[in-house]
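A short worksheet on the structure shown next.
The values are calculated or read from the model by the stated rules, or taken from the named source; none is laboratory data. In this text the structure is predicted, and so the values were computed from the model without any measurement. So basically every Cβ, Gly included, is an ideal-geometry build from the backbone, and we count neighbours across all protein chains shown. These accessible areas exclude ligands, DNA and RNA; they are computed on the full protein's heavy atoms, side chains included. Shrake-Rupley method; radii C 1.70, N 1.55, O 1.52, S 1.80 Å.
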Amino acid sequence: MKLPLAYYGDPILRKKGAPVIKIDETIHQLVKDMAETMEANDGCGLAAPQVHQSLTLFITCIPQYVDEDTVLPGELRVFINPKIIAYSEAVWPCKEGCLSIPGLRETVVRPFEVTVQATDLDGRDFQDCFKGFDAHVILHENDHINGVLFIDRLPPRRKKELDSYLREIKKKYSRQK
């Protein structure tokens, strides 16, 4: 089932998520619904707070760009109670967007490489390293479960320039509740 998104201005987006204590049918259904919601909105990542669930859980499905003409579909990955355990010193600027802030894409500088430790949907702990765009998506979604939005990563001057746009988003979507 496609879930309603939380948009900029919704307080849940600024809350730190609670750990997932038990991976039960409710969590399995949430992940299934999140995947449907992400796909319906053409996203490549989605965090639980973005669907009004204050939990430390996010999913990704990042397409693989082989060359200009070839894009392979991504694989759905589930990150439950993730911890970023290492960052590279090298950084990479990349345009980011967010389903919770429609229509806005900005360049965000993040580490080029990141190592994550998490639990998957089967309850198995794993550790994996991600680079480039994959690292950006992981860090973006990890920010969500900590109450941080990608606009918080922008230079203060640029964020100030976006104030009126963000006020409009807040106004538009708060009326739709």
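Summary of computed values
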{"quantity": "Cleavage-rule hits, trypsin sites (Lys or Arg not before Pro), segment 7-114, DSSP coil, Cβ neighbours within 10 Å at most 12", "calculated": "K16, K22"}
{"quantity": "Net charge, E113 excluded, C-beta distance under 12 Å - Lys, Arg +1, Asp, Glu -1", "calculated": "-1"}
{"quantity": "Sparsely packed GluC sites (Glu not before Pro) within segment 1-52, loop by DSSP, other Cβ within 10 Å at most 16", "calculated": "none"}
{"quantity": "Those GluC sites (Glu not before Pro) in segment 84-177 that DSSP places in a loop and that have at most 15 other beta carbons within 10 Å", "calculated": "E89"}
{"quantity": "Where labels lie 7 Å past Cα in the beta-carbon direction, separation of R14 and F126 in nm", "calculated": "3.5"}
{"quantity": "DSSP beta bridge pairing in segment 4-121, given as percent antiparallel to the nearest 5", "calculated": "95"}
{"quantity": "Heavy-atom accessible surface of segment 1-87: percent carbon and sulfur, 1.4 Å", "calculated": "54"}
{"quantity": "Net charge over other residues, Cβ less than 10 angstrom from the Cβ of C61 (K, R count +1; D, E count -1)", "calculated": "-1"}
{"quantity": "Alpha-carbon centroid distance for the pair segment 133-175 / segment 1-69, whole angstrom", "calculated": "16"}
{"quantity": "Mean accessible surface per residue for segment 1-144, computed with a 1.4 Å probe while every protein chain stays in place, in Å²", "calculated": "52"}
{"quantity": "Carbon plus sulfur fraction of accessible area for segment 91-163, probe 1.4 Å, in percent", "calculated": "49"}
{"quantity": "Set K2/K159; K95/K159; K2/K32; K2/K171; K2/K170 screened for pairs whose C-alpha atoms are more than 19 Å apart", "calculated": "K2/K159; K2/K171; K2/K170"}
